[in-house]
Amino acid sequence: MTRALVLVALMASPLLSACGDEPCDTTAPDTICTIAGSGNNGYDRDGDDRAIPALDVRFSLPQDTLTGSDGTLYILDWNNHRLRSLEADGMVRWVAGRGELGGSLDDPASGDFNHPTNMIFDEDESHIVMAAWHNSMIRVVDLATGMVTDSCGDGRRAYFGDGGPVLDAALDLPASVAWSPAGDLVIMDQANQVIRRVTPEGNLELLAGRCIVDAPAPAGPGTCDESELTQCPADPAGNVSGRWVCGDPAEFCSRPCTPGYAGDEMPASELRMSQPFGQSATPAGRILYDGAGNLFFADTANHLIRMIDTDGIVHRVAGQPPVDGEPQRGYAGDGGLATDALINYPVDLALGDDGTLYFTDVNNHCVRGIDASGVIRTVAGVCGENGYAGDGGPPTEALFNLPFGIEYVDGTLIISDTGNSVIRTVVLP
């Protein structure tokens, strides 16, 4: 059975909406429905070894979904630190993660998840490769055995290891993973403000971006003269630092990479982005390859979507660039070119069969799409308004609350309505 048919089977029976008593037809075009989650933030403590009806389940800020070819929908239950699954019988089951924080700086060897954020399958769907965000690792779940192994990162929140083995390298809030056309694992290293890749030899390399720690200056970050940059020293084990500082290394090498904005219509080696960092950061900056090999990413705190083409040149795809160092955010531009629009904290990306690039406009509480001609429109939610309403009706009349995750599967958008702790679907017209 094809994934399309299995997905239809998964959603075929009308479900009672979590925000009302009327059945919600999950197969009707241009209709939004909740398919998992009661809308109550929490966790079913006795649920690790039993199946729970999808609309009775409590999630805590779900971040991402991933649909298998057998129709199983995997859900990253972010604040419960678990991987769960919605299966064809309409029941949610536990897959991995004990719900205990693990993989911290003090305990990098722990087998538990710490706010897992994004995931992809390996080639035969036998494993899930996961951006374990607060673990500062990439972790792999064996779906047959439930075993979790580390595949990249040593658990430190730092920036070391370009050119060396992946397990000796340090990441800082790895937020997203994707497979390149060549089959390399590509990682958005969020707080390090760079994109890195795992080579076939098992080493980590810088793919795009620069980690520059700027000295304070009247004009703000990004004002360093290139001749003033100094590379920070290697760690005690000899792993190379990826930080460059504009100022005294003794003072600035311990500081986080400074967000910035640079590189449009330039090589990716000149790219600077602005991703949230520090203890108050939220997940951001997810990445996506299209069929032609172009790499799209959400430049979240710059309120932009950008793309690195197959020649390694950076382009702005959506949103207006910063003005005098100030990011431009808001809601405007539907019906016009996406590069003239205003967006507000984009995070996740999905690509439709017709070339439409969908993205979660998180702080606008909506989902928007950019068609192949570059025109932007709202496809779900009322941008600028938050809430939980609209199941059974048109998606553009529904209300969301901080929707972080989005997935496109055979004409259906699967949306992680994070602030409402539910998973919702839109069958596109």
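The values are calculated or read from the model by the stated rules, or taken from the named source; none is laboratory data. Everything numeric here is computed off the predicted structure, so don't read it as measured data. All Cβ positions, glycine included, derive from the backbone under ideal geometry; neighbour counts span all protein chains shown. Areas reflect the complete protein model, heavy atoms only, side chains present, ligands, DNA and RNA absent. Shrake-Rupley method; radii C 1.70, N 1.55, O 1.52, S 1.80 Å.
At 0.36 nm per residue, and after removing the present C-alpha to C-alpha distance, how many nm does the segment from A88 to I313 gain when stretched out fully?
On the way: separation 225, 0.36 × 225 = 81.00 nm, distance 4.28 nm.
Full-extension gain reported as 76.7 nm.
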- request: Have a look at P403, P29, P174 and tell me which one the Gaussian network model of the chain (Cα, springs below 10 Å) gives the largest fluctuation.
  value: P29
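Let me check against my output: what whole-number percent is the relative contact order of the stretch 347-429, with C-alpha pairs under 8 Å and at least 6 apart? Please list the in-between numbers first.
Working: 207 pairs, mean separation 19.6, N = 83.
Dividing the mean separation by the residue count of the stretch 347-429 yields 24 percent.
Counting Lys +1, Arg +1, Asp -1, Glu -1, what net charge surrounds R286 among other residues with beta carbon under 9 Å of its beta carbon? The partial results should precede the final answer.
On the way: positive: none; negative: D64, D348.
That works out to -2.
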- prompt: How high is the relative contact order of the chain, given as a whole-number percent (alpha carbon pairs under 8 Å, six or more residues apart)?
  reply: 13
Pair L229, N203: separation of 7 Å Cα→Cβ label points (nm): 2.0
message: Accessible area of the chain with a 1.4 Å probe: how many percent of it is carbon plus sulfur?
response: 51
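Report, in debye and to the nearest 20, how large the dipole of the chain comes out about its Cα centre when Lys and Arg carry +1 and Asp and Glu carry -1 on their Cβ. Write down the numbers at each step before the final one.
Working: 24 positive and 61 negative charges, 108 e Å.
With only Lys, Arg, Asp and Glu charged at Cβ, the dipole is about 520 debye.
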task: Rounded to the nearest Å, what's the spacing between the alpha carbon centres of the stretch 68-87 and the stretch 365-428? Just the number, please.
output: 19
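Around F400, with a cut-off of 14 angstrom between Cβ atoms, what is the net charge of the other residues, counting Lys and Arg +1 and Asp and Glu -1?
Neighbourhood net charge equals -4.
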query: With labels modelled as points extended 7 Å from the Cα through the Cβ direction, what inter-label distance (nm, one decimal) is found for D324 paired with D124?
result: 6.0
- prompt: Taking a probe of 1.4 Å, how large is the accessible area per residue of the stretch 314-429, in Å²?
  reply: 34
query: What spacing in nm lies between the two simple spin-label points modelled at E251 and W179, each 7 Å away from Cα in the Cβ direction?
result: 4.8
message: Counting only other residues whose beta carbon sits under 12 Å from that of C246, what net charge do I get with K and R as +1, D and E as -1?
response: -3
